[in-house]
1. Starting from the Cα of residue 353, step 7 Å along the direction of its Cβ; do the same at residue 491; then give the gap between the two resulting points in nm.
2. Under the 0.36 nm per residue contour assumption, what length would be gained going from the current alpha-carbon distance of residue 415 and residue 267 to full extension?
3. Could you list log10 I(q)/I(0) for segment 26-239 at q = 0.09, 0.10, 0.16, 0.17 Å⁻¹, which the Debye formula gives when each Cα is one point scatterer?
4. By the gyration tensor of its Cα atoms, with a ≥ b ≥ c the square roots of the eigenvalues, what is the shape of segment 166-278: rounded for a/c under 1.5, prolate for a/b over b/c, or oblate?
5. Defining a contact as two alpha carbons under 8 Å apart and six or more residues distant in sequence, what relative contact order in percent does segment 26-239 show?
6. Run through every distinct alpha carbon pair of segment 10-49 and return the Kirkwood hydrodynamic radius in angstroms, one decimal place.
7. How big is D, in µm² s⁻¹, for segment 339-452 by Stokes-Einstein at 4 °C and 1.567 mPa s if Rh is the Kirkwood radius over C-alpha pairs?
8. Mind sorting 234, 21 by how few other Cβ atoms lie within 10 Å of their own Cβ, fewest first?
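What follows draws every value from the coordinates through simple rules; no lab data is involved. Just so we're clear, the structure is a prediction, and the values are computed from it rather than from any experiment. Here Cβ is always computed from backbone atoms with ideal geometry, including for glycine, and neighbour counts include all displayed protein chains.
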């Protein structure tokens, strides 16, 4: 007996079984003009990031994760180095992205370029492991490698834009000759400057602190120049590109790097002794902070075009915004670890007070109790703390051999004066050092030669606290600026409430920063489990008032019967890459949108707009791309329609809300 699942029907998957397939092939090189939108006069290769771009992003986060692993922020010098390397890394990523979203098309040439960019980022990872420009013993070899890496990065961009210029010249788009020439000159100048810096990093030369500034000045001028060129020559703008998606994906990856840190932090806090109530609470706080930062950004993410210059300012502001995210995420982990170390320091002190002051143990009993306390920390289980067991045990034996050290009279005197014997002090501080270094903190050898781990930790926590709340304030400030940049409609209650809530959070963050003026207040707050919940509560309240005001505004607007704009896309009803224009949605389901000119006028505008010659022939696949038949097909699907129109208004655009024309059912949208 046999079983059949198809009941004699032929499966759809077998309908082409008798045919041979046409294999996908990769061209050697492809013209970036295939992505030119001749209606909007901009370049737009695709609606969303392709796999090559996502692959490239992985090298960014790998660099960031590696740098974070090798650099514990123990003082202001290391903090500046961290921010400086992040700036170099971000600048390289940003410049590559500005090219890719406008001109990159999948081909063998493009994949070779991507491979070179991967090599550049691996070179940056090599540099990052020892990047500390402010150090007294600077690694000049590392800095020379950084200069060479930056030269390769900018040199490749020069080649890529020269290829674009070649196709532009071939198509006789004369209006783009000058701006592309300026772009090429900008990157070529940057490459020359980076190359000229290498003699300053000779092996024998050590005092060159001022030269480091050149990296950052060149990168700032470079970014400003490219943005200015694309703002002046709008044909090179990012209007129809997926630049917004690229920035959002990098933001997501930066937040995700924090998730990697959380997994390390949970193993540090509870990997030795299992689950702990407070440890679980702190980890949940860090995870919730990550979620709230994600919601703070993506719940107010722009949809559609909101202005060419504003879009580019919005993109550039992602540098301080993403740096702030890194500061908050990494700072949250460091704050949790500081709480863990301080809590265990208090536990050590309480145990010694209990043995000596309350129980008045002496001799062998005191020694054995101290040895049991030492064994609890399992210093011998990690290579970083392997030697601490012998060191602390030595002090424990000294205490045990000191007869009467914890007699009632002596213990009372210790309690009244606050001064304990040096044996107890040395043992306590050695255990503190072991607990701190057991967390896997990467402490510089030159610092350990001058100070013990406890002194380094106490100073570093002040820096951690300062950059943690400074990053929080920077994050909220960028969030406020984003709200102003992306707003395209009339102001309502949501705009006031969201900005006011953020300013209040900003003020509270400023007050918390002021705590660094008092060491007692600072370390008392750091030693409590309240730092992370405070940050969490502020982020939660911002989002709470955002949602509450948005719900109220929507209710009031719908109740009023006035026409309104749809600010978001329905995620489950198609995808248009985020480039579609938003229609006006009315109470009766009326929707308005943009209309096209007729095809003949459009063909003429295509040709005339790209070139300065008045007698240019219409741009077609035969005239624009000699030697190939390249169809100029629309780059995106039509925008989604509102519910069926029941009572259409007059078709005169002047009488329509916002000046839009009616959308015909057969209309075909370009990018």
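1. 5.6
2. Details: separation 148, 0.36 × 148 = 53.28 nm, distance 3.67 nm.
Extra length available between residue 415 and residue 267 comes to 49.6 nm.
3. Log10 of I(q)/I(0), two decimals: -0.39, -0.47, -1.08, -1.18.
4. Values: a/c = 3.98, a/b = 1.52, b/c = 2.62.
In terms of gyration-tensor shape, oblate.
5. Working: 228 pairs, mean separation 57.1, N = 214.
It comes to 27 percent, rounded to a whole number.
6. Values: mean 1/r = 0.0715 Å⁻¹.
Averaging 1/r across every pair of different Cα atoms and inverting gives 14.0 Å.
7. On the way: Rh = 14.7 Å.
This corresponds to a translational diffusion coefficient of 88 µm²/s.
8. Placing the least packed residue first, the sequence is 21, 234.
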